[in-house]
Amino acid sequence: MKKGDRDHHILYRPFHLASLETPMTIAKAILNHDTAIVPCGAPVSETVTVVKKDIKIGERLDGIGGFCVRGVIETHADMKKNKNIPIGLISGNVVAKRDIPNGKFLTEDDVVLDETTTVWKLRKLQDEVFS
């Protein structure tokens, strides 16, 4: 794409390689004092949890990259209204309270979250700041 004297290039990847991108971003932040993500205030969107297979009561759910759940973007307002669970909270020992059908957006009525995980504790702090 051309705009004036400058060339602009767009790179589209329908995926990301977090195992490579995370250490590179940390290195840039430390070595170059560079920012990759700058917060702009309260949350606007969330990646909420959707079941990608039928889950039985008592079944333990694996997290991101596993066989049980996937993430779908929602507005923060809709996440709060619908009581959806951010996908990052599906970590540690998360167990189904009831049978959950494939394709359902998870709520706290569906699972027992592991409140001992660091991500749960950090999320609780974030929610307190922006509530």
Counting only residues that are under 14 Å from the mean Cα position of the chain (by Cα) and either assigned to a loop (DSSP other than H, G, I, E, B) or over 16 Å from GLY103 (Cβ atoms) (or both), the range 25-57 contains a total of 5
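For residues in the range 58-97 being in a helix (DSSP H, G or I) and of a type in the set (A, V, I, L, M), which is nearest to VAL119 (Cα to Cα)?
Only one residue fits best here, namely LEU89.
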Just one of (1) of a type in the set (D, E, K, R); (2) closer than 27 Å to PHE15 by Cα; (3) not in a strand (DSSP E or B) trips up ASP114, so point out which. (2)
For LYS83, are the conditions met, namely being surrounded by 11 or more Cβ atoms within 10 Å (Cβ to Cβ) and on the phi > 0 side of the Ramachandran plot? yes
When you look at THR107, is it modelled with pLDDT of 95 or more, hydroxyl-bearing (Ser, Thr, Tyr) and farther than 25 Å from LYS53 by Cβ, yes or no? no
Considering the range 89-124 alone, what residues qualify as being closer than 18 Å to VAL72 by Cα and of a type in the set (Ser, Thr, Tyr)? SER91, THR107
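The values are calculated or read from the model by the stated rules, or taken from the named source; none is laboratory data. Fair warning: this is a prediction, and the values are worked out from it, not measured in the lab. Methodologically, a virtual Cβ is constructed for each residue, glycine included, from the backbone with ideal geometry; neighbour enumeration extends over all protein chains shown.
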